[in-house]
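Since the structure comes first, as structure tokens, the remarks are kept for the end.
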Amino acid sequence: MISIVARFKVSKEQEEKFLKLVNSLIEPSRAEAGCIEYIFHKDVKDQLCYCMIEKWKDQAAIDLHNNTPHFTEAIPKIVKIAEVEINVYEPV
């Protein structure tokens, strides 16, 4: 299993657009065969900071996900309007 923690910092002016883009990813990503978990979070202290915590079966599942139409359409738009930090983890 591989976990991905994607953190996003967005401006108030871009928040609505950002949320629409992220929400377009959630259901299709959860429906992918290798997706174990795909949960969107909002920071309790910083209301403009968000986090997507993803768990995938393996790297092949991530590679497939990264090439889906919903991903390739939304992600370039998200990175234009939000600061993005991606961290990848494996169980120890």
### Message
What number comes out for accessible area per residue over the chain if the probe is 1.4 Å? Units Å², please.
### Response
65
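Expressed as a rounded percentage, what relative contact order does the chain have, with Cα pairs under 8 Å and six or more residues apart?
Numbers: 144 pairs, mean separation 43.8, N = 92.
For the chain, the relative contact order is 48 percent.
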### Query
Taking springs between alpha-carbon atoms closer than 10 angstrom, which of LYS80, LYS57, LYS45 fluctuates most in the Gaussian network model of the chain?
LYS45
### Query
When the accessible area of the chain is split by element with a 1.4 Å probe, what percent falls to carbon and sulfur?
56
## Note on the structure
Looking only at aspartates and glutamates whose Cα falls under 19 Å of LYS57's and that sit 8 or more positions away or on another chain, we get GLU27, GLU32, GLU37, GLU90
### Message
Taking the alpha-carbon distance from LYS12 and a cut-off under 28 Å, which lysines remain once sequence neighbours fewer than 8 residues away in the same chain are dropped?
### Response
LYS20, LYS42, LYS45, LYS77, LYS80
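For TYR89, what charge total do you get from the other residues with a beta carbon under 15 Å from its beta carbon, if Lys and Arg give +1 and Asp and Glu give -1?
Overall, the nearby charge balance is -2.
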### Summary
Per principal axis, largest first, the Cα atoms of segment 40-92 extend in Å by 34, 32, 14
#### Entry: Computed P(r) (all Cα pairs; segment 13-75; 5 Å bins; percent)
4, 17, 26, 25, 14, 9, 4, 0
### Query
Counting each DSSP H run of 4 or more residues in the chain as -39500 (n - 2.57), what helix-only mean residue ellipticity at 222 nm follows after dividing by all residues, to the nearest 500 deg cm²/dmol?
-12500 deg cm²/dmol
### Vicinal HN-Hα couplings computed from phi for segment 11-25 (Karplus, 6.51 cos²θ - 1.76 cosθ + 1.60; Hz; Gly/Pro x)
7, 4, 5, 9, 4, 4, 4, 4, 4, 5, 5, 5, 5, 6, 8
### Summary
For ILE39, the accessible surface traced by a 1.4 Å probe with all protein chains present amounts, in square angstrom to the nearest 10, to 60
### Task
Just add up the charged neighbours of HIS65: K/R +1, D/E -1, any other residue whose Cβ is under 9 Å from the Cβ of HIS65.
-3
### Query
How much of TYR89 can a 1.4 Å solvent probe reach, expressed as accessible area in Å² and rounded to 10?
120
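The values are calculated or read from the model by the stated rules, or taken from the named source; none is laboratory data. What you see is a predicted model, and the numbers here were worked out from it, not measured in a lab. We place every Cβ from the backbone using ideal geometry, glycine too, and count neighbours over all the protein chains shown. Ligands, DNA and RNA are stripped out before the accessible areas are found, and what is left, the full protein with its side chains, is counted by its heavy atoms. Shrake-Rupley method; radii C 1.70, N 1.55, O 1.52, S 1.80 Å.
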